[in-house]
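Report on the following structure.
The values are calculated or read from the model by the stated rules, or taken from the named source; none is laboratory data. What you see is a predicted model; the values in this text were computed from it and never measured. In this analysis, Cβ positions are derived from the backbone assuming ideal geometry, glycine residues included, and neighbour counts consider all displayed protein chains. All accessible areas refer to the heavy atoms of the entire protein, side chains included, with ligands and DNA or RNA removed. Shrake-Rupley method; radii C 1.70, N 1.55, O 1.52, S 1.80 Å.
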There are 2 protein chains.
Amino acid sequence: MMPVPRMKELLRERGQMVESYLATCFDGRPIPQRLKDSMQYSLQAGGKRLRPVLCLSTAAMCGLPLQDTLPFASAIEMIHTYSLVHDDLPAMDDDDLRRGKPSNHKAFDEATAILAGDGLLTDAFLMMCRSPLAPPRVLRAVGELALAAGSSGMVGGQEWDMIFTGKADIALEELKGIHAMKTGALLRASCVCGAMLAGASDEELAAIGSYGAALGVAFQIADDILDVVADTATLGKPVGSDVVQGKKTYPALLGLEKSRALAQDQAEVAKAALAAFSGPEAEFLLALAEYTVNRAA
Amino acid sequence: MMPVPRMKELLRERGQMVESYLATCFDGRPIPQRLKDSMQYSLQAGGKRLRPVLCLSTAAMCGLPLQDTLPFASAIEMIHTYSLVHDDLPAMDDDDLRRGKPSNHKAFDEATAILAGDGLLTDAFLMMCRSPLAPPRVLRAVGELALAAGSSGMVGGQEWDMIFTGKADIALEELKGIHAMKTGALLRASCVCGAMLAGASDEELAAIGSYGAALGVAFQIADDILDVVADTATLGKPVGSDVVQGKKTYPALLGLEKSRALAQDQAEVAKAALAAFSGPEAEFLLALAEYTVNRAA
């Protein structure tokens, strides 16, 4: 496994590649300035860029240079960003802060935030379709992303989240199911799409899909734990906001200790799934899985 | 040109094909029931299904059987429907009625309406990607749709609409520009995508694009006129709501008579663009352009 400092360096480098790409991705297009500003405001609000980095890295592990998948991978960050903008809306989670800054509808207005989300989502598909890679591979990867982001994936998970928030009880299997849709599907698809673009075999795709699914569970549990134990400055939003909002979380259901064990367990599942791969990119993905559960923010 | 009754019969038949396809398009997918109900509520709320019919018909004119483009064409109606659901939200046009029924956020709730819109948009891309036609053609058509629906198309037009609504003055060229984005781009793309799926030449695509663009202008002017002259029962929403909301319209800017002349003029431009095509499908599209400006609802 790659040493942690080197993994973090690569994660930061690749995150910056994505950020630079996104910073100019609307240039030259006739988009109303206020809408463009609103989309860029949320795109440039920071974050680890984990989803595009996963896409870039599985593609690289399967033989494709980073530059070849950069537009497609960056589009995944646009989908992730749109989901945050809509989730923060008053009718949804009603969050005024996102990563320590006013959320989109606070910095602009509610109508613009709705449209910025719609624009980011739609333009993400445009960016993916314009990938210069082989059309059959691109089309398959776009479909994979749409499935993961849509009503039986991320959007459906958010609906379940709204339905269960504040309600009395939830079983562990239900919580897992919601998170598999809400955050797991897009993380998994980010991994799978990179490999699809590189023309990976069905066997490789299955292994990378298992990696992404387990990573997604580990990531969500770690997120839930951070909401309880991190400090507000590190987290960029008030600590304990999940509890205040009546959100269903792993620590609330299992306690901190069992949640930590489950996250570590899933990181091991993720790592085991990549057993057939070797080389620096595989080493990076193994270290990333470990980091997912041990990160401080 | 095809006689009006035959054109209307075909329009109804094709609209029903789309409606039937959409009625079962979520079957077997693990979508939260409330979200599925909300998406279907708006999908089954009626309408002429003009955009998918245009897609089916340009594809047919270029040699493709209707059944081959039905899923792709139906997905365009999902994109149109999502835009209506989001436009009706309290933070946007705040419309309680849509086609004579409570709008989505009134029938369900605001969070579900936002998510239903997001789900319809994302699932539309899934449905398009799953088209069994040749991947290079499908990918190109999906990109065309994304461009038309995104921040430099429909979403951008809606942002302009919000910015200009209630403001003092607007020039005719500005109004044309807004509508070209807000309604024109998707209507044009509906026409172009059908032809793309059928493998039409660049020359044919340009002609069909001109038809779609002119049809889009004619359609929007006719819509604005109907808001002034139709009765509430026919329109399914209060007559004159554009004026009440301070919307910028052609009749407000040019008066009814000049608006009617401009619409008729654009219908003629649309028909002229198809000069190189012949046969029943071309006849149908000519009659449809004429109908667009002379319809009663």
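Please count how many residues of segment B:52-68 are surrounded by fewer than 24 Cβ atoms within 10 Å (Cβ to Cβ) and assigned to a helix (DSSP H, G or I). Before you say what the answer is, go through the steps one by one.
Of all residues in segment B:52-68, those surrounded by fewer than 24 Cβ atoms within 10 Å (Cβ to Cβ) come to B:60, B:62-68.
From the residues that got through so far, the ones that are assigned to a helix (DSSP H, G or I) too are B:60, B:66-68.
The number of residues fulfilling the criteria is 4.
The residues in segment A:144-159 that are within 7 Å of chain B (Cβ to nearest Cβ), buried (at least 22 other Cβ atoms within 10 Å of the Cβ) and assigned to a helix (DSSP H, G or I) can be counted, and the count is 6.
When you scan segment A:56-68, do you find a residue that is within 14 Å of chain B (Cβ to nearest Cβ), within 23 Å of A:Ala195 (Cβ to Cβ) and out of contact with any Ser or Thr (no Cβ under 9 Å at 6 or more places or on another chain), even just one? I'd like the intermediate steps shown before the answer.
Of segment A:56-68, the ones within 14 Å of chain B (Cβ to nearest Cβ) are none.
Scanning segment A:56-68 turns up no residue that is within 14 Å of chain B (Cβ to nearest Cβ), within 23 Å of A:Ala195 (Cβ to Cβ) and out of contact with any Ser or Thr (no Cβ under 9 Å at 6 or more places or on another chain).
Are there any pairs, at least 6 apart or on different chains, whose C-beta atoms fall under 8 Å, with the first in segment A:13-28 and under 12 Å from A:Ser57 (Cβ atoms) and the second of a type in the set (Gly, Ala, Ser) and at pLDDT 95 or above, and if so, which? Final answer for the pair search is A:Arg14/A:Ser57; A:Val18/A:Ala73; A:Val18/A:Ser74. When B:Met39 is tested against (1) out of contact with any Leu (no Cβ under 9 Å at 6 or more places or on another chain); (2) within 14 Å of chain A (Cβ to nearest Cβ), just one condition goes unmet, and that condition is (1).
Which is touching a Lys or Arg at 6+ places or on another chain (Cβ under 7 Å), surrounded by fewer than 24 Cβ atoms within 10 Å (Cβ to Cβ) and touching a residue at least 12 places away in the same chain (Cβ under 8 Å), of A:Pro90, A:Pro71?
Values: A:Pro90 fails: touching a Lys or Arg at 6+ places or on another chain (Cβ under 7 Å).
So the residue among A:Pro90, A:Pro71 that is touching a Lys or Arg at 6+ places or on another chain (Cβ under 7 Å), surrounded by fewer than 24 Cβ atoms within 10 Å (Cβ to Cβ) and touching a residue at least 12 places away in the same chain (Cβ under 8 Å) is A:Pro71.
Of everything in segment A:1-24, what is farther than 25 Å from A:Pro280 by Cβ and either open to solvent by 40 Å² or more (accessible area, probe 1.4 Å) or away from chain B (no Cβ under 14 Å) (or both)? Give them in sequence order.
A:Ala23, A:Thr24
The residues in segment A:109-136 that are more than 7 Å from every other protein chain (Cβ to nearest Cβ), buried (at least 21 other Cβ atoms within 10 Å of the Cβ) and not polar (S, T, N, Q) can be counted, and the count is 7. Of all residues being surrounded by 15 or more Cβ atoms within 10 Å (Cβ to Cβ) and not in a helix (DSSP H, G or I) in segment B:30-47, which is modelled with the lowest pLDDT? Just the residue, please. Among residues in segment B:30-47 that are surrounded by 15 or more Cβ atoms within 10 Å (Cβ to Cβ) and not in a helix (DSSP H, G or I), the one modelled with the lowest pLDDT is B:Gly47. Is segment A:201-211 home to any residue that is at pLDDT 90 or above and buried (at least 23 other Cβ atoms within 10 Å of the Cβ)? Yes, segment A:201-211 contains at least one residue that is at pLDDT 90 or above and buried (at least 23 other Cβ atoms within 10 Å of the Cβ). Quickly run through segment A:160-175 and pick out the residues that are open to solvent by 10 Å² or more (accessible area, probe 1.4 Å) and either in contact with a strand residue (DSSP E or B) (Cβ under 8 Å, 6 or more places away or on another chain) or not charged (D, E, K, R) (or both). Of everything in segment A:160-175, those that are open to solvent by 10 Å² or more (accessible area, probe 1.4 Å) and either in contact with a strand residue (DSSP E or B) (Cβ under 8 Å, 6 or more places away or on another chain) or not charged (D, E, K, R) (or both) turn out to be A:Trp160, A:Met162, A:Ile163, A:Phe164, A:Thr165, A:Gly166, A:Ala168, A:Ile170, A:Ala171, A:Leu172.
Is it true that A:Asp27 is within 14 Å of chain B (Cβ to nearest Cβ), open to solvent by 10 Å² or more (accessible area, probe 1.4 Å), touching a Lys or Arg at 6+ places or on another chain (Cβ under 9 Å) and not in a helix (DSSP H, G or I)? So that I can check it myself, show each step before the final result.
Working: within 14 Å of chain B (Cβ to nearest Cβ): yes; open to solvent by 10 Å² or more (accessible area, probe 1.4 Å): yes; touching a Lys or Arg at 6+ places or on another chain (Cβ under 9 Å): no; not in a helix (DSSP H, G or I): yes.
No; evaluated as a whole, the condition is false for this residue.
Do we have A:Asp95 as within 14 Å of another protein chain (Cβ to nearest Cβ), out of contact with any Leu (no Cβ under 8 Å at 6 or more places or on another chain) and within 26 Å of A:Thr292 (Cβ to Cβ) here? It would help to see each step written out before you state the result.
Numbers: within 14 Å of another protein chain (Cβ to nearest Cβ): yes; out of contact with any Leu (no Cβ under 8 Å at 6 or more places or on another chain): yes; within 26 Å of A:Thr292 (Cβ to Cβ): yes.
The answer is yes for A:Asp95.
Residues that are among the charged types (D, E, K, R) and under 25 Å from B:Thr58 (Cα atoms) within segment B:141-187 comprise B:Glu144, B:Lys176, B:Lys182, listed in sequence order.
How about segment A:165-200: which of its residues are part of a loop (DSSP other than H, G, I, E, B) and either farther than 21 Å from A:Gly150 by Cα or touching a His at 6+ places or on another chain (Cβ under 8 Å) (or both)? First the steps, then the outcome.
Going through segment A:165-200, the residues part of a loop (DSSP other than H, G, I, E, B) turn out to be A:165-171, A:198-200.
Passing the criteria: A:Gly166, A:Lys167, A:Ala168, A:Asp169, A:Ile170, A:Ala171, A:Ala198, A:Gly199, A:Ala200.
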